[in-house]
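Enquirer: Dumping the structure here so I can ask a few things about it.
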Amino acid sequence: MRIILVIYVLFSIRLYAQDNGSSQLQNELDFLRSYNEMPFDSIIEDSVIRMIAAHAFNPTEIYRIQKGESKFSIVIKNGSESHFPEHAFNLNDKIGYELFKLVNSEFYNLAPTNNRFGMDGYTWTFEVKTNLGYHKIQRWAPTEESDPIIHALGDLIQQITYSTVELTGTIIDQNNHPIKKAKFQIDNPLILIKTNRHGEFKINFPLRLLTMDQLNIEITKKKYQTLNLTIPISELPTNLKVELSPSSAPP
């Protein structure tokens, strides 16, 4: 009788573990779906880092860094924004290589969890896919002392979102001469500048201020036709060369 009872208890524990694991997996899938994020096995890129920063008192943020054939890119999603819009930016190669350098064999040897939990603070979850395979790690309030690799990786990713992307260019006429003091206006974020004597302009955008999928630009100059441009955020940083046509109206 005792043997039967032990077997029953062990079987019940196994069933509970299976049910609990299935429930946890479904919760994770529902969470990703609410942010329009795909499970990792549905992402086609070979080199991907996804960081989920869950804060106790602030909206959750998701960062996804991908390495394409010729460039790195980062996607940022913030839970405070309606419908969780996706902001994608090109990454500087140096930063991209530095990030993937941190997810080396030492990262893959880290335990998925370290059984440290808290009621406040934040929890970082990393999913990584490289030529070394797939690995998932979760840490509550990692520090430089407790989790140096995790702390360095998360800190670098969050620093990126406080960095800037650059839009530069030159405005010329039909004879390839620079047009100085041409007005260059962007709607959101609202920016109004003028070109210098060489017809050049330069704007640095803080990533966290870019809440639109594209920049709507209007370029005006007396005696020239107004020109409207649309630049996808994903194409930043970029350098433009814009030609203005003479106005057809009499002076």
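The values are calculated or read from the model by the stated rules, or taken from the named source; none is laboratory data. Computed from a predicted model, the values in this text were never measured in an experiment. Here Cβ is always computed from backbone atoms with ideal geometry, including for glycine, and neighbour counts include all displayed protein chains.
Enquirer: Applying the selection to region 88-106, what residues are in contact (Cβ under 8 Å) with a residue 40 or more places away in the chain and either farther than 20 Å from ILE62 by Cα or assigned to a strand (DSSP E or B) (or both)?
Expert: Keep residues of region 88-106 that are in contact (Cβ under 8 Å) with a residue 40 or more places away in the chain, which gives 88-91, 95, 98-100, 102-103, 106.
Correct list: ALA88, PHE89, ASN90, LEU91, GLU106.
Enquirer: Additional query: Here are some residues: THR130, THR113, THR123, THR143. Which one is of a type in the set (Ser, Thr, Tyr) and in contact with a Ser or Thr (Cβ under 6 Å, 6 or more places away or on another chain)? Before the answer, list the steps.
Expert: Details: THR113 fails: in contact with a Ser or Thr (Cβ under 6 Å, 6 or more places away or on another chain); THR123 fails: in contact with a Ser or Thr (Cβ under 6 Å, 6 or more places away or on another chain); THR143 fails: in contact with a Ser or Thr (Cβ under 6 Å, 6 or more places away or on another chain).
Residue meeting the stated conditions: THR130.
Enquirer: Suppose we filter LYS71, LYS101, LYS77, LYS94 for residues that are modelled with pLDDT of 80 or more and crowded, with 19+ Cβ neighbours inside 10 Å; which single one remains?
Expert: Numbers: LYS71 fails: crowded, with 19+ Cβ neighbours inside 10 Å; LYS101 fails: crowded, with 19+ Cβ neighbours inside 10 Å; LYS94 fails: crowded, with 19+ Cβ neighbours inside 10 Å.
Testing whether each residue is modelled with pLDDT of 80 or more and crowded, with 19+ Cβ neighbours inside 10 Å leaves just LYS77.
Enquirer: Only one of ILE179, ILE157 is modelled with pLDDT of 90 or more and either buried (at least 18 other Cβ atoms within 10 Å of the Cβ) or within 18 Å of ILE52 (Cα to Cα) (or both); which? Write out each step before concluding.
Expert: On the way: ILE157 fails: modelled with pLDDT of 90 or more.
Result: ILE179 is the single residue among ILE179, ILE157 that is modelled with pLDDT of 90 or more and either buried (at least 18 other Cβ atoms within 10 Å of the Cβ) or within 18 Å of ILE52 (Cα to Cα) (or both).
Enquirer: For region 213-242: of the residues being among the polar types (S, T, N, Q) and under 28 Å from the mean Cα position of the chain (by Cα), which is nearest to ASN176 (Cα to Cα)? I'd like the intermediate steps shown before the answer.
Expert: We begin by selecting, within region 213-242, every residue among the polar types (S, T, N, Q); these are 214, 216, 220, 225-226, 228, 230, 234, 238-239.
Going one step further and asking which of them are under 28 Å from the mean Cα position of the chain (by Cα), we end up with 214, 216, 228, 230, 234, 238-239.
Details: GLN214: 27, ASN216: 24, ASN228: 19, THR230: 22, SER234: 28, THR238: 20, ASN239: 16 Å.
By that ranking, first place goes to ASN239.
Enquirer: Something else now. Does region 239-251 hold any residues that are surrounded by 14 or more Cβ atoms within 10 Å (Cβ to Cβ) and within 17 Å of LEU167 (Cα to Cα), and which are they? Quick ask: steps written out before the conclusion?
Expert: Of region 239-251, the ones surrounded by 14 or more Cβ atoms within 10 Å (Cβ to Cβ) are 240, 242-244.
The answer is LEU240, VAL242, GLU243.
Enquirer: What do you reckon, is HIS83 surrounded by 13 or more Cβ atoms within 10 Å (Cβ to Cβ) and either under 21 Å from THR125 (Cβ atoms) or modelled with pLDDT under 90 (or both)? Even if it seems obvious, please write down each step before you answer.
Expert: Numbers: surrounded by 13 or more Cβ atoms within 10 Å (Cβ to Cβ): no; either under 21 Å from THR125 (Cβ atoms) or modelled with pLDDT under 90 (or both): yes.
Here the answer is no, as HIS83 does not meet what is asked.
Enquirer: Out of the residues in region 109-164 meeting the condition of being hydrophobic (A, V, I, L, M, F, W, C) and in a helix (DSSP H, G or I), tell me which one is farthest from the chain's Cα centre (by Cα). Let's see the steps before the verdict.
Expert: At the first step, the residues of region 109-164 found to be hydrophobic (A, V, I, L, M, F, W, C) are 110-111, 117, 119, 124, 126, 128, 132, 137, 140-141, 149-150, 152-153, 156-157, 160.
With the extra rule that they be in a helix (DSSP H, G or I), the set shrinks to 149-150, 152-153, 156-157, 160.
Values: ILE149: 20, ILE150: 18, ALA152: 17, LEU153: 14, LEU156: 12, ILE157: 8, ILE160: 8 Å.
Filtering first and then ranking leaves ILE149.
Enquirer: Answer yes or no as to whether ILE62 is closer than 26 Å to ASP213 by Cα, buried (at least 17 other Cβ atoms within 10 Å of the Cβ) and touching a Gly at 6+ places or on another chain (Cβ under 6 Å). Write out each step before concluding.
Expert: Details: closer than 26 Å to ASP213 by Cα: yes; buried (at least 17 other Cβ atoms within 10 Å of the Cβ): yes; touching a Gly at 6+ places or on another chain (Cβ under 6 Å): no.
In short, no.
Enquirer: Please verify whether region 171-183 includes one or more residues that are under 23 Å from LEU91 (Cβ atoms) and part of a loop (DSSP other than H, G, I, E, B).
Expert: Applying the first criterion (under 23 Å from LEU91 (Cβ atoms)) to region 171-183 yields none.
Scanning region 171-183, I find no residue that is under 23 Å from LEU91 (Cβ atoms) and part of a loop (DSSP other than H, G, I, E, B), so the answer is no.
Enquirer: Here's something else I'd like to know. Restricting the search to region 29-59, which residues are within 14 Å of the chain's Cα centre (by Cα), within 16 Å of THR123 (Cβ to Cβ) and either part of a loop (DSSP other than H, G, I, E, B) or hydroxyl-bearing (Ser, Thr, Tyr) (or both)? Outline the logic, then answer.
Expert: Step one: of region 29-59, the residues within 14 Å of the chain's Cα centre (by Cα) are 35-37, 48-53.
Keeping just the survivors that are within 16 Å of THR123 (Cβ to Cβ) gives 35, 50-53.
TYR35, the sole residue that qualifies.
Enquirer: Need pairs with beta-carbon distance below 6 Å; first residue within 20 Å of ALA141 (Cα to Cα) and within region 50-70, second acidic (Asp, Glu) and assigned to a strand (DSSP E or B); sequence gap 6+ or separate chains.
Expert: ARG50/GLU127; ALA53/GLU61
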